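First up is the structure itself, then whatever we jot down about it.
The values are calculated or read from the model by the stated rules, or taken from the named source; none is laboratory data. Please read these numbers as outputs of a predicted model, since none were measured by experiment. A quick note on method: Cβ atoms are made from the backbone with ideal geometry, for glycine too, and the neighbour counts reach across all protein chains shown. Only protein heavy atoms, including side chains, enter the accessible area calculation; ligands, DNA and RNA are left aside. Shrake-Rupley method; radii C 1.70, N 1.55, O 1.52, S 1.80 Å.
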Amino acid sequence: MHLLEAKNVHGGYGGMNILNGLDLAINADEIGVIVGPNGAGKSTLLKAIFGLLRVTEGSIELRGELITNADPGELVLKKMAFVPQEKNIFPSLTVQENLEMGAYSRQDNYQHILEQVYHFFPPLADKRSQPAGELSGGQRQMVAMGRALMIEPSLILLDEPTAGLSPLYMADIFERIVTINAAGVGVLMVEQHAKQALKIAHKGFVLVAGQNRFTDTGMNLINNPEVAKAFLGG
Amino acid sequence: MNTQWLTKEFGLCMALAVSILLLMVFMGSAYGIRVLVEASCYAIIALGLTIQWGYAGLFNAGIMGFVAIGGFSAMLLTFPVNQGFWSSDQASDLGQAFLKLLGAVVIVWAVVQLRRLSVPRSIRLPLLLITLAVAYLWVVNGFAPVTQAIVSQHGFIGGFGMPVWVGWLVGGILAGTVAYFIGHICLGLRSDYLAIATLGVAEIIKAFLKNSEWLTRGTLTVSPLPWPVPSAGEVGFITARALYLSVTAVLIAIIFYLLHAAYKGPWGRMMRAIRDNELSSAAMGKDVNQRRLEVFILGCILMGIGGAGLATFNGIFDPNGYLPLHHTFLIWVMVILGGPGNNLGTLFGAVFVYVIWIMSEPVALFILNTVSYFGNLWFAWEAPSDFASRALQARVFSIGLIITLVLRYAPKGLFPEKVQQYS
Amino acid sequence: MNEFVFFINNVLISGVVIGSIYALGAVGITLIFSILRFAHFAHADLMTLGAFFAFFLTALFPAIGPALGLPTAFVMLPLAMGLTALTAVYLDKAFYKPLRAQGVKPIVLVMASLGVTLMLQGLIRMFMGTSSRNLYIDDRKGIHRIDVPFELANRPIVITDPQILLILFLVVAVIALHLFLTRSKLGKAMRAMSDNPDLARVSGINTQKVVTVTWIIAGSLAAAAGTLLSLDVSLKPDLSFMLLLPIFAAAIVGGVGHPYGALAGGFVIGFAETLSVFNWAVLLRPFRDQLWFDLPANLAFVPTEYKITVPFFILLAILVWRPTGLFKGKVL
Ligand SMILES: Nc1ncnc2c1ncn2[C@@H]1O[C@H](COP(=O)(O)OP(=O)(O)OP(=O)(O)O)[C@@H](O)[C@H]1O
Ligand SMILES: [Mg+2]
């Protein structure tokens, strides 16, 4: 059984269809990477999976359980977390409060997770009582991921976690994603830095115009000359 | 052509015609025509709103203010000249007060222009504020004795004795001018701001008209205002009102034609593009705010004209008769019920809602009297003395209820805007 | 010195009192805006409604106040606040929530709130008539005259019971609100939702609960403001007309979505009103002989009947120069 499986997903904004029958599946210990040109519908797909957008046709399953058009609040309780592409922090809340909001659905004591997140993203520990809006782009990305980790997710959806980061920071973030995954968290992420991302991916999906163009392991996609030429910049 | 809608529209219009006919039969044709004339004036006002809201999505919560300006202008320009005032000293005193006002404006303007002499802001701002305060007090204290003398000796300055159409035209222009200033400030911001600002401007216009006794006689009201057609005294109620109705009908026809042409033309297409999808039209390089300002002014001009027509027909200018919140939303109900952006629907809505509004008073009173009569008879129940006036508040409640219900269940109104495909 | 006492009574005390009322209303407007993103026009009517609830309760149990040594309406305030909060929650359920669910533009919600305004006004007038009423039924308003320890002053500073209670209430309410927003989970969630509603959903925050709490807070503050104002002056159905513009001006001046800004905005508007209707000739009178011009009898910036223009022009000035408000709120 797959951790996450989407079959023939259709959906869009208003009457406009952006997703035209997408398929996708990852296993519990895998990193899945979605790449594709701007406007292909990558972010739209993640939103559709997370119930932020109406899926008009097709199905989405989490561990075999149907979650098509589920409420995001419900998905959070099912240990699924989502880090949107933009506006992924609460700017006027402090770093600590941002993380606490990630744990909103928890009724138990989550102090140890908080410390784990600070341990995992050391720069945040020093800034815990600073408004998140005053952080640098990379630090904000850490806050966003930290917020998502507060529920100890079993599946995390990341939309371009390295957007706008320097190459050094980017490598750093990828490393952390691998660490998260190694701890048993399934990862599905959208990335523009396709080559580097596919390197750490178990599964890769190339999306064009709301449809699958290529689906394979990360390495196979990198080595596929057709993909390399059209989507990985040669 | 979609025939299904045609039948529905046709049916609704027939129903309206029948109810007007019933109104005429039961209340007399003079009364019926009166209702129709008033409805036609409201229709002009409602057309002004339908282009603001329906074409451009602008929320005008101060309609009554613009209507009051129209009424004021109709009064000031057409009411007979007050010879007593113009031949007295107060006329020149008033002139001097206005000269003071002009002087104050020039001085303030000059202080503002100090910017050009690169005087630092830290000096300019306090200087401007002090100048404003002093100039303001100077002007106010210049007007106060004159206006008091005018009120005590002549009542008010009287009108200008001009033809009625001039009064109506100026009413539209004045309303448009106020709209320009409000729109200029608020249209760049989110639409809620326009709602708040127009609400405020309506209150202020009313406060001004009510308290400037030298100009409007305030609560004493001004009447009779001259008519553009022979008055009831000359040709009888029915003929006079019918003539008046034909004037407003022609006016509506002209406005209707012009709006229709504009709506179908590139201008109307652009307006709707802006309304429906602001971002993309901004991206298309159209100056969105300029277009909206045009629509806002145009709508307010129509409101001013409608207000002038209404005041002239009633023959009386009574600033207290303008109830900003209630009358404004009567117009709103007309527009959203009829179908915003659909001129024919608006026309229908205006007449339909006005007839209901008018009829609800006698009907409510009848019901109330019956209730209190039988209440008295059977339970020896004594109705409170202001029972009737209280119960009329049910109308205000109903307007509110209709607004919320229409928004929820028929957001496009009874006559939905027929959107032509444009891409 | 009498002139100075006059100034204290008419500007300082009046300004603080009316400023507190505006602040309580504006905080509600700003909270509703930051959570639901529309200008809630029916807010002034919630204030009036709250005062009427207090009036009913006072009429039902007129003897409670004298027994406790407080105005009865004030003793009844918590109940009136609760009823108003409940009304606000149900108004939202009946009229705003269905529209939100349809995903309408915010301006449609503004219009719906105007519809609600008309309904509330119609109902209040239908049941209560249009006359003005006194919220003191079995008790009397306590008025304190504080003598000024100066030779030349023989007039006292005057402050009433409801004014003192209002100021105390405001202080307590602000501290409580501050603690709620910064310390409690729900309060933080409220700030989070105001910051970024989509992310709040994504984080699993119970947005419906936050909305309900927002209405409860806004409704109870509105009821308190309406009751305390009516206690000090009198209860009239058209209270809301006088309040609507000032509380919106206060919210915008303070920066929309900014509760502390709304507080400041309330006082800015309150003092602007009292300062502009104050007759400055009174203060200048002692120096009448030194002045180079004849002192007019009335030297107020704004005649009392034009008081409504003050918040409006402040509003316009803010929109022109600083649409985000003094405290950098969101642009509406
Ligand atoms: N909120 C929205 N409303 C309407 N259309 C939208 C919205 N968001 C995105 N779209 C449209 O959906 C399409 C796909 O957008 P999406 O954000 O999914 O692209 P993407 O693959 O994530 O691109 P990028 O790499 O630039 O992030 C685009 O054509 C876009 O115009
Ligand atoms: Mg994207």
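Couple of notes before you dig in:
- Residue count for segment A:45-90 under the criterion of being among the β-branched types (Val, Ile, Thr), within 13 Å of ligand 1 (Cβ to nearest atom) and open to solvent by 10 Å² or more (accessible area, probe 1.4 Å): the result is 0.
- Filtered by the rule that a residue be crowded, with 19+ Cβ neighbours inside 10 Å, hydroxyl-bearing (Ser, Thr, Tyr) and over 24 Å from B:Thr198 (Cβ atoms), segment C:107-139 gives a lone residue, C:Tyr136.
- Residue in segment A:172-182 that is closer than 19 Å to A:Ile26 by Cα and more than 15 Å from the chain's Cα centre (by Cα) present: yes
- Residue under evaluation C:Met111, criteria (1) free of Cβ contacts under 8 Å to residues at least 40 places away in the same chain; (2) away from chain B (no Cβ under 14 Å), criterion not met: (2)
- If you filter segment C:222-246 down to residues that are open to solvent by 20 Å² or more (accessible area, probe 1.4 Å) and not in a helix (DSSP H, G or I), you find that the one that is farthest from the other protein chains (Cβ to nearest Cβ) is C:Val233.
- In the condition set (1) of a type in the set (A, V, I, L, M); (2) open to solvent by less than 30 Å² (accessible area, probe 1.4 Å); (3) part of a helix (DSSP H, G or I), C:Ile205 is compliant with all but (3).
- Filter result (among the polar types (S, T, N, Q) and buried (at least 19 other Cβ atoms within 10 Å of the Cβ)) within segment B:69-88: B:Ser73, B:Thr78, B:Asn82
- Residues of segment A:161-171 classified as surrounded by fewer than 23 Cβ atoms within 10 Å (Cβ to Cβ), free of Cβ contacts under 8 Å to residues at least 40 places away in the same chain and within 16 Å of ligand 2 (Cβ to nearest atom), total: 2
- From B:Ala261, B:Ala308, B:Ala195, residue being open to solvent by less than 50 Å² (accessible area, probe 1.4 Å), at pLDDT below 90, assigned to a helix (DSSP H, G or I) and among the small types (Gly, Ala, Ser): B:Ala195
- Subset of segment C:150-192 [within 14 Å of chain A (Cβ to nearest Cβ) and not in a helix (DSSP H, G or I)]: C:Ser184
- Meets criteria (under 26 Å from A:Pro91 (Cβ atoms), within 16 Å of ligand 2 (Cβ to nearest atom) and at pLDDT 90 or above) for A:Val143: no
- Screening A:Val55, A:Val76, A:Val95, A:Val33 for residues that are hydrophobic (A, V, I, L, M, F, W, C), in contact with an Asp or Glu (Cβ under 8 Å, 6 or more places away or on another chain) and on the phi < 0 side of the Ramachandran plot leaves exactly one candidate, A:Val33.
- The residue of segment C:71-86 that is surrounded by the most Cβ atoms within 10 Å (Cβ to Cβ), among those that are farther than 20 Å from C:Asp161 by Cα and of a type in the set (Gly, Ala, Ser), is C:Ala85.
- Filtering segment A:146-160 to residues that are open to solvent by 10 Å² or more (accessible area, probe 1.4 Å) and within 16 Å of ligand 2 (Cβ to nearest atom) leaves only A:Glu160.
- For A:Glu191, the requirement of being at positive phi and modelled with pLDDT of 90 or more is not met.
- Counting only residues that are of a type outside the set (A, V, I, L, M), open to solvent by 30 Å² or more (accessible area, probe 1.4 Å) and closer than 17 Å to C:Phe4 by Cβ, segment C:272-289 holds 6 of them.
- Filter result (of a type in the set (S, T, N, Q) and open to solvent by 30 Å² or more (accessible area, probe 1.4 Å)) within segment B:89-110: B:Ser92, B:Gln96
- In the set (1) away from ligand 2 (no atom under 16 Å from the Cβ); (2) open to solvent by 40 Å² or more (accessible area, probe 1.4 Å); (3) more than 11 Å from chain C (Cβ to nearest Cβ), A:Gln107 fails one condition alone, (3).
- Residue ID - nearest to C:Met242 (Cα to Cα), chosen from residues in segment C:56-69 that are touching a residue at least 24 places away in the same chain (Cβ under 8 Å) and surrounded by fewer than 24 Cβ atoms within 10 Å (Cβ to Cβ): C:Ala59
- Where C:Thr304 falls short, out of the listed (1) open to solvent by 70 Å² or more (accessible area, probe 1.4 Å); (2) farther than 23 Å from B:Glu203 by Cα: (2)
- Qualifying residue in segment C:88-106 (condition: surrounded by 16 or more Cβ atoms within 10 Å (Cβ to Cβ) and more than 14 Å from chain B (Cβ to nearest Cβ)): yes
- Residue satisfying condition, being at pLDDT 90 or above and part of a helix (DSSP H, G or I), within set B:Leu302, B:Leu325: B:Leu302
- Segments classed as helices (runs of 4 or more DSSP H), wholly inside segment A:172-234, with at least 2 members that are loosely packed, with under 15 Cβ neighbours inside 10 Å: A:218-223, A:225-231
- Candidates in segment A:22-40 are the residues that are away from ligand 1 (no atom under 14 Å from the Cβ) and part of a loop (DSSP other than H, G, I, E, B); of these, the one that is surrounded by the most Cβ atoms within 10 Å (Cβ to Cβ) is A:Glu30.
- Verdict on C:Leu284 being modelled with pLDDT under 85, within 19 Å of B:Trp138 (Cα to Cα) and not in a loop (DSSP other than H, G, I, E, B): yes
- Failed criterion for A:Ile26 (all others in (1) at pLDDT 90 or above; (2) within 16 Å of ligand 2 (Cβ to nearest atom) hold): (2)
- Residues satisfying the stated conditions in segment A:2-21, i.e. within 11 Å of ligand 1 (Cβ to nearest atom) and in contact (Cβ under 8 Å) with a residue 40 or more places away in the chain: A:Gly11, A:Gly12, A:Tyr13, A:Asn17, A:Ile18, A:Leu19
- Hits in segment A:1-15 - residues which are more than 16 Å from ligand 2 (Cβ to nearest atom) and open to solvent by 10 Å² or more (accessible area, probe 1.4 Å): A:Met1, A:His2, A:Glu5, A:Lys7, A:Asn8, A:His10, A:Gly14, A:Gly15
- Residues (in a loop (DSSP other than H, G, I, E, B), more than 16 Å from ligand 2 (Cβ to nearest atom) and within 13 Å of chain C (Cβ to nearest Cβ)) located in segment A:46-97: A:Gly51, A:Arg54, A:Ala70, A:Asp71, A:Lys78, A:Lys79, A:Ile89, A:Phe90, A:Pro91, A:Ser92, A:Leu93
- Odd one out for B:Ser40 among (1) surrounded by fewer than 24 Cβ atoms within 10 Å (Cβ to Cβ); (2) more than 19 Å from B:Gly176 (Cα to Cα): (1)
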